[in-house]
Every structure is written in C-alpha cells, then in structure tokens.
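The values are calculated or read from the model by the stated rules, or taken from the named source; none is laboratory data. If you're wondering where the values come from, they're calculated on a predicted model, not measured in any experiment. Note that we place each Cβ from the backbone using ideal geometry, even for glycine, and neighbour counts take in every protein chain shown.
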C-alpha cells in the first residue's frame with residue numbers, strides 16, 4: 001500500500017510537471033498525500049428533479065435539452081446563456097467569463113446535459129448562475145464528495161483525479177495494521193476507509209466516522225510506536241552540569257525577577273542537568289509566560305560549563321526572533337551566539353561550521369539547517385527544540401543525536417506554547433518529563449476579547465483607525481493564502497480591501513509560501529512601523545514579538561481550535577498597553593462553534609482553554625469539516641480525537657511499522673517554513 005502511496009503525482013492523468021510543482025508547494029508530494037485531501041462535505045445527488053419541481057434557493061440536479069445558446073459581451077467578460085428544457089418547463093443557465101463555451105461541441109442546441117446548481121428567480125423566470133454541468137451520460141447518481149480547491153484545481157477536477165487514484169489501488173493493497181484492526185476493533189481496511197470517505201454509497205455518519213477513525217488510527221499508532229522507541233533510548237547517562245556561575249549571573253541581570261512558575265520550572269530543569277542522566281523534558285509554557293528566559297538560563301549553564309548548546313526552531317522567523325533575544329541576554333556574559341538557517345550565506349556558513357567543530361562557537365540557533373550532516377559540534381551537551389510538535393519525532397531527536405564518539409548523551413529540552421491538557425500530553429509525549437509554566441510576566445494586561453458576526457464588521461473600521469491614530473499596529477488573520485474560494489478570505493484579497501479603508505497604513509501581506517527573505521522583509525516592515533497593518537495566515541502564530549501591536553482580528557474564527565486562537569491572541573498585549581482580539585465568526589458558524597468562541601472572552605489561561613476545547617469538541621465535529629491535523633499531525637486533532645489517542649495509548653497493537661509507513665506518516669522534514 002505505502003509503495004503505491006509514494007508514487008509520483010504525475011501518474012495521475014492531467015498532472016504534468018508544472019501542476020506537480022504547484023501541488024508540492026502545498027505539501028501534496030505523492031499519491032498518498034493527494035488521497036489525504038478529504039472531502040469537506042457531501043451532496044446528495046441521487047435524484048433528478050423536473051424543472052416544475054424546483055424551489056428558489058435550493059440546490060438541485062436537473063436534466064434537459066439545450067433549446068438555445070447565445071453570448072453577450074466580448075473577451076474575458078463574455079457571458080454565455082443557455083436555455084434548458086424538459087417535459088415540464090424551461091430554465092436559464094448563466095455562465096460568466098466563459099466565452100469558450102460557445103465553441104464547446106457538447107453544448108450545441110439539441111444536446112442533453114445534466115446540471116446542478118442553486119435555483120434563483122429573476123423577473124419571474126427560473127435561472128441558475130454558473131451551475132456545474134456534464135453530458136447526461138457522464139452523470140452517475142449518488143453521494144458526491146465536495147472538495148476544497150487546491151493549487152488552482154477546482155473541487156470537481158479534484159474529485160475526478162481522486163477517483164482515478166482510487167482506481168489504481170489494487171484490491172490486494174493493504175496496510176500492516178489492516179488485519180489487526182479489522183479482527184480486534186472491527187475497523188475497515190485502509191483501502192476501504194479511503195473508498196468510503198471519497199466515494200460513499202451512503203452518507204451514514206457512523207460509517208464515515210469509522211472510516212475517518214481508521215485513517216487517524218494508522219497515524220497515531222505509528223507515532224506512538226516511535227515515541228516508545230525513543231523513550232527506551234532516552235534512559236542513559238549524560239554529563240552532570242554543576243557550574244552555576246553563568247546561569248546565576250544571567251538570572252541576576254534579567255529585567256524582572258523570575259515568576260513563581262518560571263522559578264519552579266527552572267529548578268526542575270537544573271535538577272535534570274545536575275543528575276548525571278540524560279534530560280528528556282517538555283516545557284509547556286503559556287503564551288507570553290517567558291520560555292525564552294528559561295532557554296537562555298539552560299544555554300548559559302551549558303556554556304558556563306565549557307560545552308555547547310543549540311536551539312532548533314521550525315521557521316526562520318522564529319529562529320531570527322530567538323537569536324536576537326538570546327544575543328541581548330547572553331552577549332553581556334561574553335557568550336557568542338550565531339544563527340544558521342537556509343538563508344545563511346555560504347561563506348558565513350563555512351566559518352560558522354569551523355567554529356562549531358573547534359568549540360570556539362558555544363551557542364547557536366537555527367532551523368532544520370542545523371540538522372545537516374556537515375554540522376558537527378565539538379562537544380554539544382544541550383539541545384533545545386522550540387515548538388517541538390512542528391517537527392517529526394525523528395527530526396526532534398536528530399539534534400540530540402549529534403554527539404561525537406566517546407561523548408556522553410545530549411540533554412534534550414523540548415518547548416511548546418501549544419496548551420495541551422495534561423492527560424493528553426502524557427499520551428502524546430509520554431517519553432518526556434513534563435513541566436508546565438502558567439501565568440503572565442509582570443506589567444501585562446489580559447487581552448480584551450470579543451466575538452462578532454461577519455455581518456457586523458463595519459464598526460471595526462472606526463476602532464482600527466483609533467488604534468492607528470495612537471501609533472498602534474494591527475494583525476489581520478485570514479484562513480488561507482489563495483483565492484481558491486470566492487469568499488474574500490485570502491491574504492491578497494484582504495490586503496486590497498484594507499488598503500481602500502486605510503491608504504496611509506501601508507497594508508502588507510505575509511504567508512508561509514513567501515520566500516524567507518520576503519517574509520523577513522514583511523515582518524521587519526511591521527516591526528519597525530513602516531507598515532502598520534499586517535494581513536497574514538497563522539504563520540504569525542508563534543514567535544513574532546511586536547510590542548506595538550494592539551489589535552488582532554481573526555476571520556472565520558470558528559475554524560480554529562481554542563488553543564490556536566489563544567496563541568494568535570498572544571501576538572498582541574505584549575506591552576503595558578491594552579490589547580484587543582476580535583474573533584469574527586463566519587456566516588456558517590454553528591451554535592456549538594459560537595459557544596466555543598465565547599470561552600475566549602472570559603478565559604485567558606491556555607490550559608483552561610485546552611481543557612474546555614477538549615470537553616466541547618471531544619465528541620468530534622461533523623465528518624469532513626476539517627482538512628488537516630494539528631500539533632504536527634497530518635489528520636489528528638488533539639481536541640476532536642482525544643478519545644482515539646487515549647484508546648491507542650492504552651491498547652497499542654504489537655507490531656513494527658516498516659520504513660515506508662514511518663516515512664509517510666512522520667516525514668523527516670516537517671519545518672513550517
């Protein structure tokens with residue numbers, strides 16, 4: 001099965017080199033990835049309605065004969081109008097920007113076509129605007145999957161391609177887990193689950209949930225096996241770092257005393273470093289709780305003992321931020337710190353590698369560039385991994401595995417600002433000791449949070465102007481980069497809209513597919529005040545520190561988990577000034593999702609929100625509403641799938657995942673850059 005999953009996208013008819021490149025930029029690199037682009041909804045397309053049965057505002061399927069066809073306008077704006085008739089009546093079909101349809105042989109007068117669209121009434125006559133259509137013989141009644149657009153491909157074309165991919169999966173294709181999960185847990189095979197989700201015979205909720213659970217089970221079981229393997233290898237001797245002078249000097253030089261939570265966590269980490277056994281700890285710190293200071297203390301201790309420490313970050317933006325902050329804290333102690341990313345110039349990189357190998361460079365911050373084989377340390381004794389859930393398990397460990405022959409094991413400190421309920425954290429990160437740091441630094445105010453409907457966004461403009469008038473800055477978060485869906489929620493669309501309202505604010509956009517130098521330029525412009533409104537995807541979720549940012553507006557907020565909303569909210573209120581967060585609920589937000597969002601108004605503790613999310617969403621949302629996993633997973637969502645995660649943690653099947661399974665579910669390179 002996994003050998004088939006690994007096949008190139010170009011085996012799918014219609015995907016050439018250019019489209020493959022676009023899909024790979026979206027993280028779709030092989031057939032298996034394409035099959036994980038799951039439907040977001042299903043349409044009951046089993047019945048054909050006669051034209052006289054149509055009701056205004058309802059989506060319906062009809063079949064009829066083209067009785068007339070004509071066009072209006074010229075060039076790209078040309079509009080094509082068809083008149084379709086059956087035995088009971090007629091309806092107009094309007095297609096905008098579709099001049100090419102005038103020469104389509106399938107649409108000649110007298111031909112029969114099948115059409116699906118939303119019925120409208122105009123001047124007393126029925127019409128459909130831009131309906132989906134096909135020749136009658138190509139229509140197959142049933143439940144039709146609805147896909148989100150991807151890399152310029154529309155949902156209909158994606159559906160056709162996925163059917164072609166599923167047809168390529170032979171009946172005998174299987175997973176190593178198929179027999180175990182079928183016999184012991186009555187789950188479908190992996191192939192059956194994919195068929196049920198992409199082409200269901202019936203939209204039966206129980207069947208679809210079982211199929212989705214089967215896919216997610218494959219992911220969590222492979223993950224938990226890797227974690228148990230790592231737990232065994234973590235139990236080994238390591239250097240005892242007793243020297244306190246430099247870490248104490250740093251602690252005494254901090255602008256504020258450590259909070260009670262920071263003091264407790266630092267004592268746990270210091271005890272690990274003194275113990276003579278490998279530290280293998282996860283520091284879970286709330287947004288703004290001061291994890292960077294703890295990281296600096298640990299790095300100062302390692303360097304003060306004459307050894308090296310390295311901090312791995314998932315993005316260049318976050319690595320840059322850490323390098324700047326750590327340099328400010330550690331340079332006064334005489335410690336040199338360097339930054340190594342994919343953008344580092346060749347000459348500077350060569351010099352850096354020489355200094356690392358000789359031991360002249362004690363401290364370094366970097367992205368996945370730190371994991372390259374030619375990055376060799378003289379004596380690395382402490383590895384820190386920030387936002388560790390964004391890396392694969394093996395990648396998380398790769399830095400801690402850079403010990404030289406004859407040296408002791410390397411201490412590992414993982415860090416995350418993603419709040420995870422303790423019971424779930426023990427299942428997901430059971431190979432690590434857990435430290436939890438709550439609370440805010442002195443002088444910070446809780447961010448004032450409100451939930452507003454998308455129909456009431458106009459009053460926001462006045463509030464935004466007041467923030468800009470006092471030299472404040474504003475984040476505007478949208479759910480996607482592309483204009484794949486006509487809802488105005490892409491980065492470029494919002495940039496253009498906001499420029500109209502605030503021409504003097506130099507509105508700019510930021511997203512994860514920009515080149516690193518362009519991302520950094522956008523952030524620098526916002527940080528320095530050259531731009532005062534930044535429209536972005538969730539790439540700013542962690543690590544971006546702009547004290548002047550006073551307001552964050554999050555569109556389609558119901559689509560995010562509370563933990564992620566809390567992290568985004570943490571981008572503002574990073575000074576003594578009051579910060580504000582506006583959560584805009586989309587038109588299709590349900591009562592349950594509105595209740596979830598209202599938790600954000602009165603709760604400012606990340607772990608409390610994570611527990612609330614678990615309680616509110618633990619049963620799972622409707623099948624097909626989510627396209628991606630979180631916390632580094634491809635499909636799993638910690639809140640929705642908590643029961644499934646705990647089930648496999650307690651009842652892990654006895655099997656050994658092969659290399660192809662490991663490569664597919666826990667890729668080696670999960671950098672979010």
Exercise for the section: Inspect all residues belonging to segment 459-482 and state whether any of them is in a loop (DSSP other than H, G, I, E, B), at negative phi, at pLDDT below 80 and buried (at least 16 other Cβ atoms within 10 Å of the Cβ). Expected result: yes
Problem - Any hit, segment 259-274, residues being surrounded by fewer than 20 Cβ atoms within 10 Å (Cβ to Cβ), at pLDDT below 90, on the phi < 0 side of the Ramachandran plot and not in a helix (DSSP H, G or I) - result: yes
Practice task
Filter segment 186-207 for residues that are in a helix (DSSP H, G or I) and at pLDDT below 90 and give the result.
Solution key: 205, 206, 207
Practice task
All but one of (1) over 30 Å from residue 107 (Cα atoms); (2) at pLDDT below 90; (3) assigned to a helix (DSSP H, G or I) hold for residue 179, so report the exception by its number.
Solution key: (2)
Exercise for the section: Could you list all residues from segment 204-247 that are touching a helix residue (DSSP H, G or I) at 6+ places or on another chain (Cβ under 9 Å) and farther than 30 Å from residue 180 by Cα? Expected result: 238, 239, 240, 241, 242, 243, 244, 245, 246, 247
Problem - In segment 134-153, residue modelled with the highest pLDDT [restricted to those that are in a loop (DSSP other than H, G, I, E, B) and loosely packed, with under 15 Cβ neighbours inside 10 Å] - result: 141
Handout entry: Residue list for segment 64-80, filter: assigned to a strand (DSSP E or B) and under 41 Å from the mean Cα position of the chain (by Cα)
Key = 79, 80
